[in-house]
C-alpha cells in the first residue's frame with residue numbers, strides 16, 4: 001500500500017477578472033511508495049473531492065486530473081481547474097463549513113485509485129470565503145498606495161484593411177510616326193493622338209548653296225542640323241508635354257510602347273533616314289539647298305615683293321593681302337616626278353606648286369616650281385562647299401614654244417573629313433590632311 005503525503009495550501013491565484021477572485025486553489029502533494037521511495041517523473045491519475053461537514057461528509061465537488069511528478073516526487077495542481085465529475089466549485093458556500101479535501105491517486109496514471117488521503121481545510125482563502133459569506137461593515141479607507149511600475153506595452157494591433165486600388169496611371173506618350181510636310185516642316189504624331197508640327201527647318205539660302213551635312217540627336221528631345229557652310233541649327237525640345245502625375249495606386253496595365261528614333265542615317269544624296277524603335281524607318285525628301293552662285297576662283301597670285309600678295313580672281317577683281325611675312329616652315333618631301341607629256345608648243349614657263357606646308361598656326365605655305373613661295377593668312381574657319389566649275393574659256397592663240405617647265409603638282413580634289421580636318425589630293429597621287 002502506497003502512502004500519499006500532501007502539502008496543502010489554499011492560495012488564491014493573484015489575478016482579478018471583472019472585480020471577482022478566480023475560483024481556484026493551488027494544491028501540492030509528494031508521492032512515495034510503501035518503502036518511502038519517491039515516485040518521480042511519472043504521470044499519476046488523481047481524483048479530488050471537496051467534502052462538507054466531516055471526513056466522510058457529502059462531496060459537494062469532484063474533479064479528476066493527471067499531473068506529472070517532478071524529480072522530487074512533487075505534483076502541483078490547481079483545484080477547480082480539472083475535469084469536473086460533479087458539483088460546481090464556484091458555488092461552494094465556504095461559510096457553511098467545515099470542509100475537507102479528499103485525494104485519491106493512481107500512481108500508474110489511470111483511475112484505479114490505490115492511495116487515499118483526507119485533509120481538513122482549517123482556513124479558507126478570504127477571497128473564496130467572501131464570495132458566499134455575509135459582508136462585514138465597510139472599513140476606513142486606507143492611505144494612497146505608491147504608484148505601481150509601468151506595465152509592459154500591449155501587443156501590436158491588427159493591421160488595418162487594405163486601401164482601395166488607386167487609378168491607373170496615364171499611358172506614356174511616344175512618337176508613333178513622323179511626316180515630312182514637303183515645306184520644310186515636320187509633323188510628329190504621338191501615341192495619345194496629339195501631334196506637333198515644327199517650324200520651317202529649311203536653312204536660309206545664301207550665295208553658296210548650304211545643305212544639311214549631318215543630323216545629331218542630342219538625347220534631350222532636340223536635334224541639331226549641321227549645314228555645309230559650317231553653321232548649325234538646334235530645334236526646340238520636340239518631346240510632347242508630360243501629363244500630370246496621377247495618384248499612386250496599384251501598378252496599372254503596361255502602356256503602349258513609345259516609338260523613339262534609334263539612329264539617323266545620311267544617305268549621301270540630300271536625304272536622311274530616321275530609324276525607329278519599332279523597326280520602321282522614315283526617309284526625308286532631298287533637303288539639299290539650292291546651288292549657290294558660281295564660285296569666284298583665283299586665276300593668279302602676285303608676290304608684290306613687300307610681304308604682300310595680290311590674288312587675281314576669275315571675275316576680274318583682285319585682293320591684296322596685308323604683309324604676310326613670317327617664319328618659313330620646313331620644306332615638305334618632294335613628290336614623285338610625273339610622266340613626261342608629249343612635246344607641245346612652247347608657252348610661258350609654268351609655275352606649279354611643288355609642295356604645301358601646314359605651319360600649325362592656321363596658315364599654309366605653297367612652294368612653287370620657280371622657287372618662290374606663298375604663305376596664306378590664317379585659314380581656320382568654316383569652309384564652304386566647292387562651287388561648280390565655270391565654263392571653259394576660248395582657246396587663246398598659240399604662242400611660240402618655250403622650254404618645258406617642271407611638271408606642276410596641282411590640287412585635284414578636297415575632302416571634308418567631318419572632324420574639322422580637310423584632305424587635299426594632288427595630281428602626283430600624294431595627299432595632305434590639315435590639322436583641326
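The values are calculated or read from the model by the stated rules, or taken from the named source; none is laboratory data. These figures come from a predicted structure and were not determined experimentally. Methodologically, a virtual Cβ is constructed for each residue, glycine included, from the backbone with ideal geometry; neighbour enumeration extends over all protein chains shown.
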Spot the failing condition for residue 224; the list is (1) touching a strand residue (DSSP E or B) at 6+ places or on another chain (Cβ under 9 Å); (2) within 20 Å of residue 283 (Cα to Cα); (3) surrounded by 14 or more Cβ atoms within 10 Å (Cβ to Cβ), and only one is missed.
(3)
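Residue-by-condition table, conditions (1) more than 59 Å from the chain's Cα centre (by Cα); (2) without any contact (Cβ under 8 Å) to a residue 12 or more places away in the chain:
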position: 358; (1), (2): no, no
position: 364; (1), (2): no, no
position: 371; (1), (2): yes, yes
position: 389; (1), (2): no, yes
position: 399; (1), (2): yes, no
position: 403; (1), (2): yes, no
position: 413; (1), (2): no, no
position: 424; (1), (2): no, no
position: 429; (1), (2): no, no
Positions within region 211-221 being touching a strand residue (DSSP E or B) at 6+ places or on another chain (Cβ under 9 Å) and over 29 Å from residue 387 (Cβ atoms), in sequence order
217, 218
Answer from 239, 202, 213 - the residue that is over 24 Å from residue 419 (Cβ atoms), more than 35 Å from the chain's Cα centre (by Cα) and either touching a residue at least 12 places away in the same chain (Cβ under 8 Å) or in a loop (DSSP other than H, G, I, E, B) (or both):
202
Could you tell me whether residue 28 is buried (at least 16 other Cβ atoms within 10 Å of the Cβ), in contact with a strand residue (DSSP E or B) (Cβ under 8 Å, 6 or more places away or on another chain) and part of a strand (DSSP E or B)?
no
Would you pick out the residues in region 94-121 that are under 19 Å from residue 55 (Cβ atoms) and out of contact with any strand residue (DSSP E or B) (no Cβ under 8 Å at 6 or more places or on another chain)?
94
Selected residue (only one of 278, 286 is surrounded by 14 or more Cβ atoms within 10 Å (Cβ to Cβ), under 44 Å from the mean Cα position of the chain (by Cα), assigned to a loop (DSSP other than H, G, I, E, B) and modelled with pLDDT of 85 or more)
278
For residue 61, only one of the following conditions fails: (1) modelled with pLDDT under 95; (2) touching a helix residue (DSSP H, G or I) at 6+ places or on another chain (Cβ under 6 Å). What is its number?
(1)
Single unsatisfied condition, residue 259 versus (1) touching a strand residue (DSSP E or B) at 6+ places or on another chain (Cβ under 6 Å); (2) more than 30 Å from residue 165 (Cβ to Cβ); (3) modelled with pLDDT under 90
(2)
Quick check on my filter: what residues within region 289-315 are touching a strand residue (DSSP E or B) at 6+ places or on another chain (Cβ under 9 Å) and either loosely packed, with under 12 Cβ neighbours inside 10 Å or over 30 Å from residue 411 (Cα atoms) (or both)?
298, 300, 304
Pairs, please: C-beta under 6 Å, at least 6 apart or cross-chain, first residue touching a residue at least 40 places away in the same chain (Cβ under 8 Å) and at negative phi and in region 56-72, second exposed (fewer than 12 other Cβ atoms within 10 Å of the Cβ) and in a strand (DSSP E or B)?
64/83
From 274, 233, 223, grab the single residue that is farther than 27 Å from residue 293 by Cβ, without any contact (Cβ under 8 Å) to a residue 60 or more places away in the chain and out of contact with any helix residue (DSSP H, G or I) (no Cβ under 9 Å at 6 or more places or on another chain).
223
Looking only at region 384-410, and only at residues there that are in contact with a strand residue (DSSP E or B) (Cβ under 8 Å, 6 or more places away or on another chain) and surrounded by 14 or more Cβ atoms within 10 Å (Cβ to Cβ), the one that is farthest from residue 350 (Cα to Cα):
409
Quickly run through region 142-182 and pick out the residues that are surrounded by 10 or more Cβ atoms within 10 Å (Cβ to Cβ) and assigned to a loop (DSSP other than H, G, I, E, B).
165, 166, 167, 168, 169, 170, 171, 172, 173, 174, 181
Of the residues that make up region 99-115, is at least one loosely packed, with under 14 Cβ neighbours inside 10 Å and under 15 Å from residue 28 (Cβ atoms)?
no
With criteria (1) in a loop (DSSP other than H, G, I, E, B); (2) touching a helix residue (DSSP H, G or I) at 6+ places or on another chain (Cβ under 7 Å), residue 72 comes up short on (2)
